[in-house]
1. Can you tell me how many residues in the stretch 38-48 are free of Cβ contacts under 8 Å to residues at least 24 places away in the same chain and either in contact with a Leu (Cβ under 9 Å, 6 or more places away or on another chain) or assigned to a helix (DSSP H, G or I) (or both)?
2. Could you list all residues from the stretch 134-164 that are touching a residue at least 24 places away in the same chain (Cβ under 8 Å) and surrounded by fewer than 24 Cβ atoms within 10 Å (Cβ to Cβ)?
3. Give me the pairs: first residue in the stretch 86-105 and basic (Lys, Arg), second residue at pLDDT 75 or above and part of a helix (DSSP H, G or I), beta-carbon distance under 8 Å, and six or more apart or on different chains, which are they?
4. Go through the stretch 225-317 and tell me which helices (runs of 4 or more DSSP H), entirely inside it, have 1 or more residues that are more than 29 Å from Gly63 (Cβ to Cβ).
5. Would you check which residues across the stretch 376-412 are assigned to a helix (DSSP H, G or I), at pLDDT below 90 and either crowded, with 18+ Cβ neighbours inside 10 Å or more than 19 Å from the chain's Cα centre (by Cα) (or both) and list them?
Amino acid sequence: MATSLLLCIALAGVLLLLLMVIKFKVQPFIALLVVSLLVALATGIPTQDVMKVVTSGMGGVLGSVAIIIGLGAMLGRMIEISGGAESLAHRFAEIMGPTLVAAALTIAAFILGIPVFFDVGFIILAPIIYGFAKVAKVSPIKFGLPVAGVMLTVHVAMPPHPGPVAAAGILNADIGWLTILGLLVSIPVGVIGYWVAKRMNRRQYSLSVEVVEQLQLAKPEDTTPGTAPVSAPSAGLIAALIVIPIAIIMLGTVSATVLPEGNAIRNTMTLIGSPTVALLIALALAMWLIGLRRGWSLEKASGVMGDALPTAAMVIMVTGAGGVFGKVLVESGIGKALADTLTDIHLPLVPAAYLLSLALRASQGSATVAILTTCGLLSEAVTGLNQLELVLVTLAACFGGLGLSHVNDSGFWIVTKYLGLSVADGLRTWTVLTTVLGFAGFIFTWAIWSFV
């Protein structure tokens, strides 16, 4: 089939996907499956092979991401239910003092955002944001905007979140290196986001009546900086539980790089440093240190972890459906056609990944869908790249999915609702902030690309 026709089918498929998700509100899992089947048939994949491709695409992605997403959700749920998020935020505010409360909450949000999904983490921190805003007699936007920005940055750029994990699976990028580089890039991006949000907060924004009333109803004794719930685990413990799996993954990745093949230590550290084992270790520690040791029964600890699975299940299913779409794009020849086209117009892979993901994010709202679709489109174009290059292309797609959050994104409504922003002010602040963060992440990623 001609390259131009294949690309037209791909474009029609993406437009149909956007129409189903945006216009007709079809659940993304169903929309991705339907579009995948139609594209497979339109590109001439034999009917008897279509379901084999679907099954292969689903299994190929879920085989690498389902366990990680599930374990990450469990760890985040344990931290959420134990009150660890509040403890972490209050401790950072206490250490840095009242003049740097916004910076303290942003740092706490960065750490908390690694295992906890963006929407859940922001909702957990919202009461703390209100409390500090009331004590400081300022708008909650002063604290909430940088907190939301840094949490979304981590959500799109670092495992165990579904977007980067699934993208790594599609492009066969190493999750260990993705964790390391994602962390290294996210830190300066978070700093930039903090200063951009601080500059935005020089302007006064009108708050919704609901938020004004909630600030007036907040109890001073519940919002004193440096005060966390008595029964909550310590901030140091929560930080350690988040840092430990990251450190283990990094250690395994570094061991595989510096030690020779066949070395016993390398083999052992490669196993221990795999994301699955690292998260299992962190989850076991969390179960004991913030669960059983603090009076939880085994039944309660297991129940808390089990409660995380329904939410994770939907994320896993959408992720798997994204893998199906990516597999269809490869098997149909669309991926190769796009790769050839990118070669002909000399558009480098990193900018291509960023721009494709950014366009898809703006069109349909979901960062995860944008990232997965982009990586599916580029899966043939990355053939022959080394592991670091694969990771950087993955990161570029992830940061494209960070930008242009607006009215078709559920995260936009979560942030604006909790901070009391109007739609217009949300577009002036949150949409601009996410776009700046995504562009900064892309620039850092492209800069690293020039050195590898």
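1. Of the residues in that region, 3 qualify.
2. Lys134, Val135, Ala136, Ser139, Lys142
3. From the stretch 86-105, the pairs are Arg91/Ala108; Arg91/Ala235; Arg91/Gly236.
4. Helices (runs of 4 or more DSSP H) meeting the threshold: 235-258, 275-289.
5. Gly376, Leu377, Leu378, Gly411, Phe412
Results for (1) touching a Phe, Trp or Tyr at 6+ places or on another chain (Cβ under 6 Å); (2) assigned to a helix (DSSP H, G or I); (3) basic (Lys, Arg), shown as yes or no for each residue.
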residue: Ala10; (1), (2), (3): no, yes, no
residue: Val21; (1), (2), (3): no, yes, no
residue: Val26; (1), (2), (3): no, no, no
residue: Ser36; (1), (2), (3): yes, yes, no
residue: Ser56; (1), (2), (3): no, yes, no
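Yes/no per residue for (1) under 18 Å from Leu178 (Cα atoms); (2) of a type outside the set (Gly, Ala, Ser):
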residue: Glu299; (1), (2): no, yes
residue: Ser302; (1), (2): no, no
residue: Asp307; (1), (2): no, yes
residue: Ile316; (1), (2): no, yes
residue: Gly323; (1), (2): no, no
residue: Ala362; (1), (2): no, no
residue: Ile371; (1), (2): yes, yes
residue: Gln387; (1), (2): yes, yes
residue: Leu392; (1), (2): yes, yes
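The values are calculated or read from the model by the stated rules, or taken from the named source; none is laboratory data. Because the structure is predicted, anything quoted here is derived from the model rather than measured. Neighbour counts are summed over all protein chains in view; Cβ atoms, including those assigned to glycine, are modelled from backbone coordinates with ideal geometry.
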